[in-house]
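The values are calculated or read from the model by the stated rules, or taken from the named source; none is laboratory data. Bear in mind the structure is a predicted one, so any value in this text is a computation, not a measurement. Cβ placement follows ideal geometry from the backbone for every residue including glycine, while neighbour counts extend to all protein chains displayed. Protein only, heavy atoms only, side chains kept; ligands, DNA and RNA dropped before computing areas. Shrake-Rupley method; radii C 1.70, N 1.55, O 1.52, S 1.80 Å.
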Amino acid sequence: SVGKTFDVMIEKLSNAIIDAQEKTKSESERNKQLQIEQARSEDLLDNILPKKISSRLKDGETTIAETYPEVSVLFTDLVGFTELSEQIGPRELVGMLNRIFGIFDTLAKEMKLEKIKTIGDAYMVVGGIPERDPLHCQRIAEFAIEGLKQFKEFTKTFDHPLEIRIGIHTGTVVAGVVGIHKFTFDLWGDVVNIASRIESHAKPNTIQV
C-alpha cells in the first residue's frame, strides 16, 4: 500500500540521516584526535629545539644554518664519572644525573640561555643563540657560578663524593639543525672545541675561562 511504502521511505531516510550524523561525528572525533597529536608533535619539537628554530622548521624551511659572531659556550662534566658508574646502580646513576641536569636546565631557562645537549655526564649550554644577546658572557658566567654553588649543595645530600669541572670560551660559531628523523640543533667551530678542552683541563670544582 501507499502508506506502507511511505513508512519504508521514511525509515530509510531516517536511517540515512542517523548514518550521516554518525559519520560526521566520527570524522569530527578523528579531526580532533589529529589536532591533539599534531599539538603533541609540535610541543615535542619545541622541547627538542629552540622555539625560534622549531618555528622555522614548521614553516617548511629545510636547511637552517647561521653564523653567530658573539656567543659564549660552557661545558661541564663530572670528575671520575666512569669510576662512580661502576660503584652505584643504574637507577641511582640516572637519578643523580637527572637531578644535576635538572638544576642546570632550570638555571638555563632563568638566565635566558640555550641548552644544546648532554653527552653522558657532560652538559653543554650557550649564550647568544638563537637570539643574539649582548649579555651572553655575563649570563654564562652567572650560570657557571650559580650552577657550581647549587651543585655543591646537591653533593651534601648524595652518598658518594662528587666534583665537577666547568669550562667557558667566547667567540664565533656556526649553529644549525641536522638530522632527518631525529632533529638536533648543534654548534660547530673552534669556540666549541676550545671550551671543551678548557673544561677537561679545569681543576675539580672550578670554573676555567
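Considering the range 106-120, and only residues there that are in a helix (DSSP H, G or I) and open to solvent by 60 Å² or more (accessible area, probe 1.4 Å), the residue that is nearest to residue 187 (Cα to Cα) turns out to be 109. None of 113, 97, 148 is out of contact with any strand residue (DSSP E or B) (no Cβ under 7 Å at 6 or more places or on another chain) and free of Cβ contacts under 8 Å to residues at least 60 places away in the same chain except 97.
If you go through the range 1-53 and pick out every residue that is at pLDDT below 65, within 25 Å of residue 186 (Cα to Cα) and open to solvent by less than 80 Å² (accessible area, probe 1.4 Å), you end up with 5.
For the range 132-152, a tally of residues being assigned to a loop (DSSP other than H, G, I, E, B) and either closer than 21 Å to residue 84 by Cβ or under 23 Å from the mean Cα position of the chain (by Cα) (or both) returns 3. Within the set 70, 131, 153, the sole residue that is over 26 Å from residue 173 (Cβ atoms) and out of contact with any Phe, Trp or Tyr (no Cβ under 8 Å at 6 or more places or on another chain) turns out to be 153. The single condition among (1) open to solvent by 40 Å² or more (accessible area, probe 1.4 Å); (2) within 17 Å of the chain's Cα centre (by Cα); (3) closer than 30 Å to residue 66 by Cα that residue 98 does not satisfy is (3). For the range 153-165, check the following and say yes or no: at least one residue is hydrophobic (A, V, I, L, M, F, W, C) and part of a strand (DSSP E or B). Looking through the range 153-165, at least one residue is hydrophobic (A, V, I, L, M, F, W, C) and part of a strand (DSSP E or B).
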